Protein chains: 2
Amino acid sequence: MSLITVGTMAFDAIETPFGKVDKIIGGSATYVALAASNFVTPIQQISIVGYDFPKEEMDDLKKRGVELDGVEIVADKKSFFWSGKYHLDMNSRDTLITDLNVLADFNPIVPDSYQGAEFLMLGNLDPKIQLSVINQLKTRPKLIVLDTMNFWMDIALDGLKEVLKKVDVLLVNDGEARQLSGEVSLVKAAKKIMGMGPKFLIIKKGEHGALLFHENHVFFAPALPLEEVFDPTGAGDTFAGGFIGHIAKTKDISFENMKTAIIVGSALASFCVEKFGPNKLKEITKSDIASRIDEFVQLVNFDIDLV
Amino acid sequence: MSLITVGTMAFDAIETPFGKVDKIIGGSATYVALAASNFVTPIQQISIVGYDFPKEEMDDLKKRGVELDGVEIVADKKSFFWSGKYHLDMNSRDTLITDLNVLADFNPIVPDSYQGAEFLMLGNLDPKIQLSVINQLKTRPKLIVLDTMNFWMDIALDGLKEVLKKVDVLLVNDGEARQLSGEVSLVKAAKKIMGMGPKFLIIKKGEHGALLFHENHVFFAPALPLEEVFDPTGAGDTFAGGFIGHIAKTKDISFENMKTAIIVGSALASFCVEKFGPNKLKEITKSDIASRIDEFVQLVNFDIDLV
């Protein structure tokens, strides 16, 4: 009855038009765990960190119900470090530094205590690592969700295609969906990508919302129009965490419930961008989340009695 | 109980990745009338054409309930001509030719028979012309909707600001909202623009849908994800026509009803892009429109029982 999350735990340095932070906790698995733990525990984390990753951050995650048995701590290396600078429109960014550090040796071993998990969230990583985690699981989870990015399409397309055959839900952005499929139309892209393995495809469009495709169905979830987007770092991972968190809580993997899960993911992501790094995610309560979800309902709600 | 529409009636030459057409009927007022006449008649058109504008197109509009008393026919000049080429992603285009022809002399006189109209749709034109039409109306319409573009912000900002004070609803795209307000955030942009006069602001985002702002409320309408976008020409005008058509039919200018009107406009626009120019708009039936609107309902419909 648990959820395994696989991804990075890292330090980020972020510069946006609104400010700058030299060192803040980040990494896909961190954001996923922070978001998903609002809905379900335990979360069984698989990651790797260096000697420099703060004990208080680990303790904070544990308090939220995140098990860290699968997080390897390397005593003589530093944690993964990423540094980026956002452009004025916040839709694009330049990566300034990528120090792999411990990530170069990441070869995750699934702890015995994690076996039997019903849900698996594979954060953006080398497809070989994602596949290795799937292959180590003695019972196939009820739902496997995979996040990836254009980088892996560029340098590890064959490996990515192999792991795609084994997952249920793929998360990509619109540019990545176009790259992976070779189609400009997202509807055509979705059909091709679902032909590669995933029965469900989520296309994230940032401030323009997200699309969920399944068979011949499509669902659209908007992003909340925000007065200030302070820092988009981690918004995609937070979306994924909210999505899988809702699914794992409800144990319902239907298309209908995935629509709701996408609204939940969008709501969590809308909090994430309000402060630097994961700061806002650490503050929010269940009641904040419920109000924010209600804003999404209001945003798209209209009377159907039309013509 | 009628609707006045003001705008261009023109010839277009269009090239898209899917084909090319050398001469097809276009112009903002043509698209608005084709869309709006599905919902309300008479439509009282104000425009200008040359000797070359086809009689059969005029007759076709009349059959749809479009009155042409306000359309000046200039015997010795050609109709307005625009030629453009779309890029592969269909989100951007290059204007190749703009031959103003009759449009250079456009100084519309509102026919007496149009006086007393309840609704006024001002298509994208020189703000001076838009203002002149407003000033000629003896009774202020119940609702005045204005469409404009970045071109007028560049060369006629003062005139635009003057006419903005006199309208109820402004239609612009996201780039234009940012340009007009000087704000990157669309929420902030909307607040500033509503301070310039319009009580309602619609921000069109093309394939990413549309936002409706009013006081502290916001509504989001998606665009339908389409397998093929064949030709986007006229989609914005068609959206405006569906919007004002629904409003004029229901005579309800509340925020709630404007939400529905935006869905109607989006549905009409989704047809427009399926064939060259206005060809698809000429074919569709009330039943086609009802089915398409139902697709929009399905697209955004989700269960609210969340947390």
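Between A:K166 and A:S113, the simple label model (points 7 Å from Cα in the Cβ direction) yields a spacing of 2.4 nm. As a length-normalised measure over Cα pairs under 8 Å and 6 or more apart, the relative contact order of chain B settles at 17 percent.
Per-residue shielding of A:228-235, expressed as the average number of other chain Cβ atoms within 10 Å of the residue Cβ, stands at 1.
Averaged over peptide A:185-195, the number of partner chain Cβ atoms lying within 10 Å of each residue's Cβ comes to 2. Each Lys and Arg Cβ is given +1 and each Asp and Glu Cβ -1; about its Cα centre, chain B then shows a dipole of about 760 debye.
Segment A:191-264 and segment B:270-297 have their alpha-carbon centroids 28 Å apart.
The modelled label-to-label distance between B:M196 and B:I155, using points 7 Å beyond Cα along the C-beta direction, is 1.8 nm. Ranking A:S28, A:S92, A:I129 by Cα position along the charge dipole of segment A:1-138, where only Lys, Arg, Asp and Glu carry charges on their C-beta atoms, puts A:S92 farthest toward the positive end.
The mean number of partner chain beta-carbon atoms within 10 angstrom of a residue's beta-carbon across peptide B:215-222 is 5. Inter-copy label distances for B:V297: 1.9 nm (label point placed 7 Å from Cα along Cα→Cβ; shortest first). A simple count of charges around A:G50, restricted to other residues whose Cβ falls under 14 Å of its Cβ and scoring Lys, Arg +1 and Asp, Glu -1, yields -2.
Magnitude of the charge dipole for segment B:62-172, about its Cα centre and with charges confined to Cβ atoms of Lys, Arg (+1) and Asp, Glu (-1), is about 280 debye. Label point of B:K251 (7 Å along Cα→beta-carbon): distances to the other copies' equivalent points are 5.7 nm, sorted ascending. For B:F18 and B:D294, the difference between the fully extended length at 0.36 nm per residue and the C-alpha to C-alpha distance is 96.6 nm.
Counted residue by residue at 0.36 nm each, then reduced by the alpha carbon distance between them, the extension gain from B:S287 to B:A75 reaches 72.3 nm. Placing a label point 7 Å from Cα along the Cα-to-Cβ direction at B:G19 gives distances to the equivalent points in the other copies of 5.5 nm, listed shortest first. Modelled spin labels at B:E56 and A:D60, positioned 7 Å past Cα toward Cβ, are 7.1 nm from each other. Could you tell me whether chain A comes out rounded, prolate or oblate from its Cα gyration tensor? Rule is a ≥ b ≥ c as square roots of the eigenvalues, rounded for a/c under 1.5, then prolate if a/b exceeds b/c, otherwise oblate. It is rounded, given that a/c, with a ≥ b ≥ c, falls under 1.5. List the residues of segment A:189-228 whose backbone N lies under 11 Å from a point placed 7 Å from the Cα of B:V187 along the Cα-to-Cβ direction. Residues A:224-228 qualify, since their backbone N sits under 11 Å from the label point. Of B:K161/B:K192; A:K55/A:K275; A:K55/A:K77; A:K204/B:K188; A:K138/A:K192, which ones are farther than 18 Å apart at the Cα? Cα-Cα > 18 Å for A:K55/A:K275; A:K204/B:K188; A:K138/A:K192; rest within.
Every number here is computed from the coordinates shown, using simple stated rules; none is lab data. Note that the structure is a prediction, hence the values are computed from the model and not measured. Neighbour counts run over all protein chains shown; Cβ positions are idealised from the backbone, glycine included.
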